[in-house]
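Asker: For reference, the structure I am asking about is given below.
The values are calculated or read from the model by the stated rules, or taken from the named source; none is laboratory data. The shown structure was predicted, so the numbers you read here are calculated from the model rather than taken from an experiment. Positions of Cβ are backbone-derived with ideal geometry, glycine not excepted, and every protein chain shown enters the neighbour counts.
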Amino acid sequence: MVSCVATRRSLSSMGRVFAAIYDRALAQTEAHGLADKRAALLAGARGDVLELGAGTGLNLPRYPRDGLGRLVLSEPDPHMARRLRARVAGERPGAEVVEADAAALPFADASFDTVVATLVMCTVDDPPRVLREVARVLRPRGRFLFLEHVRAHDARTARWQDRIRPLWQRVGAGCRPNRDTLATLRASPLEVEEVRDDRMPRTVPLVRPLLIGEASRP
Ligand SMILES: C[S@@+](CC[C@H](N)C(=O)[O-])C[C@H]1O[C@@H](n2cnc3c(N)ncnc32)[C@H](O)[C@@H]1O
């Protein structure tokens, strides 16, 4: 019991540290191209939009200014959510922040036209379940826009991703660098419409392979 409480406390303080350093840790990567890749992806957002695991809100300034309905940002981590709320208040006061787990979304079936996930599928505990939730909350022909760092195609880097995963997951707030997110998407109820390989700029090779694309709810 005591060790359980201690573990919870240490996880919570790790979450606080991760949230506090997140924007600074990504600053070079954003400046050298990730911010532009976010903007290109989010240009495809339409209607009522739900973002999963919105973190500190790095996508917020990249959403189109016109043509969106509701913009709902879900984020289960309270330290991230606090920063997210501050950014929403300053940059997009109409957006709603909801502290929700992507594996159990508190929304009715067919509530959104677009669901967005950027750098999230590496961190969730149960990716197939999350994609089932995405399919559930999307309206028919609604779109799932994703930008995710994934398992490398080359076997050598993939082996390193497998080896480093336990440590990386511990220090990276749950991030698994070796996830084959495209395979998970193809096995999900969504239909993959467009997908391309890309590279995360200015970062270590283990998290460089990026998968960017769009899937739809049939
Ligand atoms: C690497 S950060 C990415 C943040 C943001 N999406 C971005 O592009 O900068 C991963 C985020 O996923 C969130 N997350 C972790 N598990 C989650 C879950 N089960 N459901 C929704 N979000 C989750 C984390 O709290 C964190 O904010």
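Asker: Restricting the first residue to the range 123-134 and requiring it to be more than 16 Å from residue 109 (Cβ to Cβ) and β-branched (Val, Ile, Thr), which pairs with a second residue that is at pLDDT below 95 and surrounded by 22 or more Cβ atoms within 10 Å (Cβ to Cβ) meet a Cβ separation below 7 Å and a spacing of at least six or different chains?
Answerer: Final answer for the pair search is none.
Asker: For the condition touching a residue at least 40 places away in the same chain (Cβ under 8 Å) and crowded, with 20+ Cβ neighbours inside 10 Å, what is the one hit in 84, 50, 73?
Answerer: On the way: 84 fails: touching a residue at least 40 places away in the same chain (Cβ under 8 Å); 73 fails: touching a residue at least 40 places away in the same chain (Cβ under 8 Å).
Every option except 50 fails the conditions.
Asker: Can I ask one more? Assuming residue 35 fulfils every condition listed in (1) within 12 Å of the ligand (Cβ to nearest atom); (2) surrounded by fewer than 19 Cβ atoms within 10 Å (Cβ to Cβ); (3) in contact (Cβ under 8 Å) with a residue 40 or more places away in the chain apart from one, which condition is it?
Answerer: Evaluating residue 35 over (1) within 12 Å of the ligand (Cβ to nearest atom); (2) surrounded by fewer than 19 Cβ atoms within 10 Å (Cβ to Cβ); (3) in contact (Cβ under 8 Å) with a residue 40 or more places away in the chain leaves (3) as the failure.
Asker: Restricting the range 203-218 to residues that are among the charged types (D, E, K, R) and over 20 Å from residue 154 (Cβ atoms), which is farthest from the chain's Cα centre (by Cα)?
Answerer: Here is the first cut: in the range 203-218, the residues among the charged types (D, E, K, R) are 208, 214, 217.
Still in the list and also over 20 Å from residue 154 (Cβ atoms): 214, 217.
Values: 214: 14, 217: 19 Å.
Among those residues, the one meeting the criterion is 217.
Asker: Would the range 54-72 turn up any residue that is among the aromatic types (Phe, Trp, Tyr), under 17 Å from residue 139 (Cα atoms) and at pLDDT 95 or above?
Answerer: Filtering the range 54-72 down to residues among the aromatic types (Phe, Trp, Tyr) leaves 63.
From what is left, the residues that are under 17 Å from residue 139 (Cα atoms) are none.
No.
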